[in-house]
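Take a look at the structure set out below.
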Amino acid sequence: MEEIRAFIAIELPDEVTEVLSRLVSRLKLRQPDGVKWVDPNAIHLTLNFLGDIAPGRISEITEAMTESARESSPFSLELKDLGVFPNLNRIRLVWAGIGGEVENVVRLQHGLEANLDILGFPPEERTFSPHLTLGRVREQASPQERQRLGDIVTGMKVETIKPFVVNGFSLIKSQLTGAGPVYSRIVAVELGK
């Protein structure tokens, strides 16, 4: 059987997607070149990237997710300021930050990572930093484009909306296409169940 490219993420409610859509549109207007902007409907909060998995492993991954979900209750998050990775001098990624009960996201991700490690999915080498990816700077972007993007990001504010409740998370299939990745939910689990 063909392997599936997969990751585990918190999917966002419509009202958050709408705010991110307006934000990405504003960023695109100010920086149309040098950045591959993410389709706002595809933005999610990644907890664990699994890579290519055999379809036969979905049930054991779902069990690891369910076990992690039992140890966590629903919590609320909110959108925060814009930022970049790794820094303003060498921008590779533009993101919207997450605020609110962030410690609950971190605890959930660490528990999930530990349960997946038992299944042979090694933990990330980088420290988990909850964020929503908005755009990736293209390799060929000039230093001037990167500098301009840094100025735009530091000068732009994220629209304030009420916090949103996270009730669960999903295993998601990622199909890479010429038009960008296409995501589809394989399974969702609820927190506290």
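Per-residue answers, yes or no, for (1) part of a strand (DSSP E or B); (2) aromatic (Phe, Trp, Tyr); (3) surrounded by 20 or more Cβ atoms within 10 Å (Cβ to Cβ):
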site: Ala6; (1), (2), (3): yes, no, yes
site: Val16; (1), (2), (3): no, no, yes
site: Val19; (1), (2), (3): no, no, no
site: Pro32; (1), (2), (3): no, no, no
site: Lys36; (1), (2), (3): yes, no, no
site: Asn41; (1), (2), (3): no, no, no
site: Thr46; (1), (2), (3): yes, no, no
site: Leu50; (1), (2), (3): yes, no, no
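Total residues in the range 150-181 satisfying the condition of being among the aliphatic types (A, V, I, L, M), at pLDDT below 95 and under 23 Å from Ala9 (Cα atoms): the figure is 4. Based on this model, can you work out whether Glu63 counts as among the acidic types (Asp, Glu), outside any helix (DSSP H, G or I) and either surrounded by 15 or more Cβ atoms within 10 Å (Cβ to Cβ) or free of Cβ contacts under 8 Å to residues at least 60 places away in the same chain (or both)? It is false that Glu63 is among the acidic types (Asp, Glu), outside any helix (DSSP H, G or I) and either surrounded by 15 or more Cβ atoms within 10 Å (Cβ to Cβ) or free of Cβ contacts under 8 Å to residues at least 60 places away in the same chain (or both). In the range 96-193, counting only strands (runs of 3 or more DSSP E) that sit wholly within it, the ones holding 2 or more residues that are among the β-branched types (Val, Ile, Thr) span 131-137, 164-166, 182-190.
Results for (1) surrounded by fewer than 16 Cβ atoms within 10 Å (Cβ to Cβ); (2) without any contact (Cβ under 8 Å) to a residue 12 or more places away in the chain, shown as yes or no for each residue.
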{"position": "Gly83", "(1), (2)": "no, no"}
{"position": "Ala114", "(1), (2)": "yes, yes"}
{"position": "Phe121", "(1), (2)": "no, no"}
{"position": "Leu149", "(1), (2)": "no, no"}
{"position": "Met156", "(1), (2)": "yes, no"}
{"position": "Gly168", "(1), (2)": "no, no"}
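If the condition is being of a type in the set (S, T, N, Q) and within 20 Å of Ile53 (Cα to Cα), then the range 163-184 contributes Ser170, Ser174, Gln175, Thr177, Ser184.
Within this structure, Ser59 passes the test of being more than 16 Å from the chain's Cα centre (by Cα), more than 23 Å from Pro13 (Cβ to Cβ) and polar (S, T, N, Q).
Regarding the range 26-33, can at least one residue be identified that is under 26 Å from Arg5 (Cβ atoms), basic (Lys, Arg) and modelled with pLDDT under 95? No, there is no match, as no residue in the range 26-33 is under 26 Å from Arg5 (Cβ atoms), basic (Lys, Arg) and modelled with pLDDT under 95. Would you confirm, using the coordinates I've provided, whether Lys80 is part of a helix (DSSP H, G or I) and at pLDDT below 95? No, not satisfied.
The values are calculated or read from the model by the stated rules, or taken from the named source; none is laboratory data. The structure presented is a predicted model; accordingly, all values stated were derived computationally and were not measured. We place every Cβ from the backbone using ideal geometry, glycine too, and count neighbours over all the protein chains shown.
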